[in-house]
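The values are calculated or read from the model by the stated rules, or taken from the named source; none is laboratory data. Bear in mind the structure is a predicted one, so any value in this text is a computation, not a measurement. Counting neighbours? That spans all protein chains shown, and the Cβs are built from the backbone with ideal geometry, glycine included.
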Amino acid sequence: MPRRRIHGKRDSPATVSVMPLNDLTAGTIGAVHRLLGGRLFASRLAALGVSIGVEVTVLRNNRSGPLVMMARGTRIALGRGEAGKVLVEVTSDVAGAGSGG
Amino acid sequence: MSREPVPAAEATVFRRGGDAPGRVVVALAGQPNVGKTTVFNLLTSGAQHVGNWPGKTVQREEGTCRVGALRLHVVDLPGTYSLTAASDEERIARDFILRERPPVVVLADATGMERSLYLLAEVSLLDVPVVLGLNMMDAADEQGIRIEPHVLEAALGVPVVPLVAVRGEGREELLAAIARVVADPARFHPRRPTIAREVLGTLRRLLEGHVPAPYDPEWVALKLLEGDEELLGAARSWLGPGGWDPVRRLLLAHEDAFLDVAGARYEWIERMVGAAVVRPRLGPVTITDRLDRIATHPMWGRLLLVVVLGLVFAATFTVGGPLQRWLDRSALTAVGATVDDALGWAPQWLRDLTVEGVIGGAGRVITLIPVLVVFFAGMAVLEDSGYLARAAFLLDGLMHRIGLHGKSFFPLFVGFGCNVPAVLASRVVESTRGRLLTILLTPLVPCTGRLVVVAFVGAVLFGDAAPLAALGLVAANLVVLAAVGVVFSRWVIRGEQEAFIMVLPLYHSPTLRSVARAAAMNTWAFVRRAGTLIVAASVVVWVLSNYPGPDPEHSVLATIGRAVEPLGQLMGMDWRLVVATLSGFVAKENVVATLGILYGAKASAGLDAALAAAVPPASGLAFLVVQMLFIPCVSTIVAMRQETGRWRWPLVSTGLLLVVALAGGTVTYQAARLLGVGV
């Protein structure tokens, strides 16, 4: 599984953007940059495969209610509030891919 | 929190491995949805025992099997993603491993190995011999994931066994691997992830010498960094105030250290997996992706959900309903007649008590079985196929508004079958607050017991419009449920809403065996809990409604009913309807039986006519509204007490529903009277 470190190779700083997961449309791929929301939250996410630097793909973001992302081959549903606490460095923005709502 | 993680009394109940010669305890661990139950059944088919973990409501399954001269006692640990004490399940799993140090079979999902190996990384810290089972190899094949078990075996230092448990593939190999590990346990301890973080070392030095067996300072240090509340409490009492203070300050200064630990674990996992697993560059579009395009779609998904839930109900009442009526009309009547004949020598009162009280009461339980079996089978199909997680996903937004989250949908839906297993099912909700709220709302979900009353009385009062009336009543109940949820989550059980984090498993077709098992176990749980109570209660009701006599008009029950009648009159209900409602406290199914006794009709057919003649539609409707909202039955109250650990919550629920039911009935009746309908 490809892994992208936050401080790894960057083409140009201008293309890099860190955004909360719930602002990303379906199809967006990024690397987890930070987890806000405390130890237990982070440890629960870690047990499901979400750790710093891991590549995640947004599979569905219906604009209201929870969203679905894929990390390490696992589909994970996250509540909107929780998704806001996952900051992602966007690596490939496939606008319009999948379905948004 | 300062309770000891492993109370001594609890630990002694675990059976020791060395009890009998050649008998070895083996623990089966794995994350949810890796097919652990299937593997457990595969290993121990036919020789299983189901109980509860001591002091807990979590189900404990054990079974035995043989490999050569070796007798394995397999303990199925609860499915957990990790071993941080965030839930009862995780606490049980790790306490068992810590106490027993058994060989552990860790099951992994071959399609999501990194995540599955996280649990292995945790188990490896507990210093036990391990076998890694890679289940769902067929699904991995389909996705083009190539796995070399031997390479993984060499990297981890433990036997790795590929499995396709649903097809029974890999059983012998797994047993052989367990035998190898049992024969030479010291050789098969998995390599541990080395986590060289400064803060971990400092923490471990602070803990050294204070951590009692069976704990390991390094493991405790890791768990403290993870924010494990149980061990935080334990460490505080081990260290005393003087020793705890530097630890507390260190933890505060390194809030983010856990992210490092998790990162290091995954680095280790990636190293282990790296050479052994080849993934296709681009994941194929799987069946799961295709199905999810519809199932999680904001519009089509909701439509599908309505259809699916509708099908479960339709199946429940078209398959279960006729069976229930058949049992009621033919089987039970025949049994009653036979017993009555057999008791020809006995005095009349004993014959009546046996036939009407005991057999009538047992009949109430037995006739519910077909309905419950079909309903629980439907639930099991939805759960095993992976669809239930999608339902929870779709309903999370809606549930959020009443202070719950998506996962609460599952217990509430089970409530339509029976409120008792629904209260137990609330365990899927992790936070105490969310669980409590779910439990308090459960009695507002109309169970089959109440739906049966509505179907029966509704048909008498409304004829062809009965299904419509029933639907309206169910809808009204859900509105009340939502309203109570809003009020309780804002003002009564306040607190932060629980994080909604849930895995959407791959879809797969459920097996007949697992569905049959789930249906049988849930139904049996109901029969066992409610069965004896209902029989006892119907005997009591029968006695109360026949003594001192000579007829129900002059009974103890009638006296009680007349005393409460003024309250009933607000709702247009006479004393008989009041008494029937009260008898529902014992079990909702009792209501029809009591009506039968009070309106002097023995066969159901006779009761139709008697009710139609005696109860005006407005009163009938009010009566039905009250049925739907009235206090939980005894079994539900007992279950609530068990799950919340206190009497407070069942009492709150009872008081609340008493008020709600009274208000609902009064409003319905008075409104109908004002409108001049059906008086």
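Checking B:HIS400 against (1) modelled with pLDDT of 90 or more; (2) within 14 Å of chain A (Cβ to nearest Cβ): exactly one of these is not met. Which one?
(1)
All but one of (1) in contact with a Pro (Cβ under 8 Å, 6 or more places away or on another chain); (2) more than 7 Å from chain B (Cβ to nearest Cβ); (3) modelled with pLDDT under 95 hold for A:GLY65; state the number of the condition that does not hold.
Only one criterion in (1) in contact with a Pro (Cβ under 8 Å, 6 or more places away or on another chain); (2) more than 7 Å from chain B (Cβ to nearest Cβ); (3) modelled with pLDDT under 95 is unmet by A:GLY65, namely (2).
Kindly provide the set of residues from segment B:483-512 that are closer than 30 Å to B:VAL285 by Cβ and either assigned to a helix (DSSP H, G or I) or away from chain A (no Cβ under 14 Å) (or both), ordered by number.
Residues satisfying the conditions are B:SER509, B:PRO510, B:THR511, B:LEU512.
Please name all residue pairs, on different chains or six or more residues apart, with Cβ atoms under 8 Å, provided the first residue is in segment B:68-86 and is over 30 Å from B:GLU498 (Cα atoms) and the second residue is part of a loop (DSSP other than H, G, I, E, B) and modelled with pLDDT of 90 or more.
B:VAL75/B:PRO102
Which one of these does A:GLY37 not meet: (1) within 12 Å of chain B (Cβ to nearest Cβ); (2) at pLDDT 85 or above?
Failed condition: (2).
Condition (residue is out of contact with any Pro (no Cβ under 6 Å at 6 or more places or on another chain), within 8 Å of another protein chain (Cβ to nearest Cβ) and either closer than 23 Å to B:ASP292 by Cβ or modelled with pLDDT under 95 (or both)) applied to segment A:4-22: is it met by at least one residue?
Narrowing segment A:4-22 to residues out of contact with any Pro (no Cβ under 6 Å at 6 or more places or on another chain): A:4-22.
Then drop every residue that is not within 8 Å of another protein chain (Cβ to nearest Cβ), which leaves none.
No, the conditions are met nowhere in segment A:4-22.
Could you please find all residues in segment B:87-119 being without any contact (Cβ under 8 Å) to a residue 60 or more places away in the chain, within 11 Å of B:ALA29 (Cβ to Cβ) and at the interface with chain A (Cβ under 10 Å from one of its Cβ atoms)?
B:GLU90, the sole residue that qualifies.
Could you check, for segment B:550-571, whether at least one of its residues is in a loop (DSSP other than H, G, I, E, B), under 22 Å from B:PRO632 (Cα atoms) and at pLDDT 85 or above?
Checked segment B:550-571: at least one residue is in a loop (DSSP other than H, G, I, E, B), under 22 Å from B:PRO632 (Cα atoms) and at pLDDT 85 or above.
So if I check each of B:VAL39, B:VAL105, B:VAL58, B:VAL75, which one is touching a helix residue (DSSP H, G or I) at 6+ places or on another chain (Cβ under 6 Å), among the aliphatic types (A, V, I, L, M) and at pLDDT 90 or above?
B:VAL39
Outside any helix (DSSP H, G or I), within 20 Å of B:GLU356 (Cβ to Cβ), assigned by TED's automatic domain parsing to the domain that holds B:ARG325 and modelled with pLDDT under 80: does that describe B:ALA593?
So B:ALA593 fails the test.
Which of the residues spanning segment A:72-89 are more than 25 Å from B:GLY403 (Cα to Cα), more than 7 Å from chain B (Cβ to nearest Cβ) and not acidic (Asp, Glu)?
A:LEU87, A:VAL88
If we only count helices (runs of 4 or more DSSP H) wholly inside segment B:197-276, which ones have 1 or more residues that are within 30 Å of B:ILE147 (Cα to Cα)?
Details: elements: B:198-207, B:217-225, B:229-253, B:257-274.
In segment B:197-276, B:257-274 are the helices (runs of 4 or more DSSP H) which contain 1 or more residues that are within 30 Å of B:ILE147 (Cα to Cα).
Exactly one condition in (1) of a type outside the set (Lys, Arg); (2) free of Cβ contacts under 8 Å to residues at least 12 places away in the same chain; (3) not assigned by TED's automatic domain parsing to the domain that holds B:ALA155 is not met by B:LEU203; state its number.
Tallying (1) of a type outside the set (Lys, Arg); (2) free of Cβ contacts under 8 Å to residues at least 12 places away in the same chain; (3) not assigned by TED's automatic domain parsing to the domain that holds B:ALA155, B:LEU203 fails exactly one: (2).
Looking only at segment B:395-407, filter to residues that are part of a helix (DSSP H, G or I) and over 20 Å from the mean Cα position of the chain (by Cα); which one of those is surrounded by the fewest Cβ atoms within 10 Å (Cβ to Cβ)?
Going through the qualifying residues, I end up with B:ARG401.
Hey, could you check segment B:277-302 for residues that are in a loop (DSSP other than H, G, I, E, B) and either facing chain A (nearest Cβ under 10 Å) or among the hydroxyl-bearing types (Ser, Thr, Tyr) (or both) and say which is farthest from B:ARG197 (Cα to Cα)?
First pass over segment B:277-302, keeping only residues in a loop (DSSP other than H, G, I, E, B): B:279-286, B:296-299.
Within this subset, residues satisfying the condition of being either facing chain A (nearest Cβ under 10 Å) or among the hydroxyl-bearing types (Ser, Thr, Tyr) (or both) are B:279, B:281, B:283, B:286, B:296-299.
Details: B:ARG279: 31, B:ARG281: 33, B:GLY283: 35, B:THR286: 40, B:THR296: 41, B:HIS297: 44, B:PRO298: 45, B:MET299: 48 Å.
Per the stated criteria, the residue is B:MET299.
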